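The values are calculated or read from the model by the stated rules, or taken from the named source; none is laboratory data. Predicted model, so just to flag it, every value in this text is computed and none were measured. FYI the Cβ positions are ideal-geometry reconstructions off the backbone, even for glycines, and counts take in every protein chain you see. All accessible areas refer to the heavy atoms of the entire protein, side chains included, with ligands and DNA or RNA removed. Shrake-Rupley method; radii C 1.70, N 1.55, O 1.52, S 1.80 Å.
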Amino acid sequence: MAKKSEAPTGVHCRLDELLEARGMTLTELSRTVDITFANLSALKNDRGRAIRFSTLTAICQALGCEIGELLVLRPDTES
């Protein structure tokens, strides 16, 4: 059983798909928005547990997307 801090949040970050669609790498995004590669990688791999609105805004501005395009809810897979 997963620890509470490791439990799935039900939120999926579509960063990989958005980066690919824009021909941008995670390294380029990291430099553009001044967020560490490690923090973006955690977000990209659905390991993030919290994100500041200012960070969301910076990512979405750099990718030309809305927050709802970046973060989506996953259907509950544990039934």
Selected residue [at pLDDT below 95 and among the small types (Gly, Ala, Ser)] from Gly48, Gly64: Gly48
Arg14 passes all but one of (1) surrounded by 11 or more Cβ atoms within 10 Å (Cβ to Cβ); (2) at pLDDT below 95; (3) closer than 21 Å to Pro75 by Cβ; which number fails? (2)
Yes or no: the range 36-45 includes at least one residue that is in contact with an Asp or Glu (Cβ under 7 Å, 6 or more places away or on another chain), at pLDDT 95 or above and open to solvent by less than 30 Å² (accessible area, probe 1.4 Å). no
Among the residues of the range 25-42, is there at least one that is of a type in the set (D, E, K, R), touching a Cys at 6+ places or on another chain (Cβ under 7 Å) and free of Cβ contacts under 8 Å to residues at least 60 places away in the same chain? no
